[in-house]
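The values are calculated or read from the model by the stated rules, or taken from the named source; none is laboratory data. From a predicted model like this one, the values you see are computed outputs, not experimental measurements. With ideal geometry, Cβ positions are generated from the backbone for all residues, glycine too; neighbour counts draw on all protein chains shown.
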Amino acid sequence: MKVQRKKSRAAEVYTASLNDIMFFLLLFFLIISTMVTPAAIRVMLPNASTSEQVVTKKNVNLVITPDLRYYIDDREIAKEEIEPTLAAMLAQKGENEEMNVLLQADRNLSLQDVVDIIDIGNKVKVKMILFTQKP
């Protein structure tokens, strides 16, 4: 009588899913690390005669609704007051500040209404950026 011996099996660790897990962990830590603001350490910087001035940008939101209501930084304003308000804001900015107007116009407005506002920005000599969205 022939007795069959049990075949010895070697223990195996399946590592096929470890690649996916490591990828998701890496992705998670990369996303979280960009959201965390490092603790800012305030130091007194040394002076240098050849240092360059840094230009900071000040953004002003100008919103035009479908019923032709105008808002500058969430404050309703008449169309006639846009030019003097932008000129006053431009006069208040510092010498190392650049002012941009972020124009958010409703898609149902006529092109002439938007061009009128851009023309006001050109008179005041301020850079205007028209907001759009992807379809």
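Scanning the stretch 101-132 for residues being under 22 Å from residue 69 (Cβ atoms) and either small (Gly, Ala, Ser) or in a strand (DSSP E or B) (or both) gives a total of 10.
Per-residue answers, yes or no, for (1) loosely packed, with under 11 Cβ neighbours inside 10 Å; (2) modelled with pLDDT under 90; (3) of a type in the set (Lys, Arg); (4) not in a helix (DSSP H, G or I):
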site	(1), (2), (3), (4)
12	yes, yes, no, yes
26	yes, no, no, no
32	yes, yes, no, no
62	no, yes, no, yes
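I'm trying to understand the selection: among the residues of the stretch 64-92, which are of a type in the set (Lys, Arg) and surrounded by 14 or more Cβ atoms within 10 Å (Cβ to Cβ)? Of everything in the stretch 64-92, just one residue is of a type in the set (Lys, Arg) and surrounded by 14 or more Cβ atoms within 10 Å (Cβ to Cβ), namely 79.
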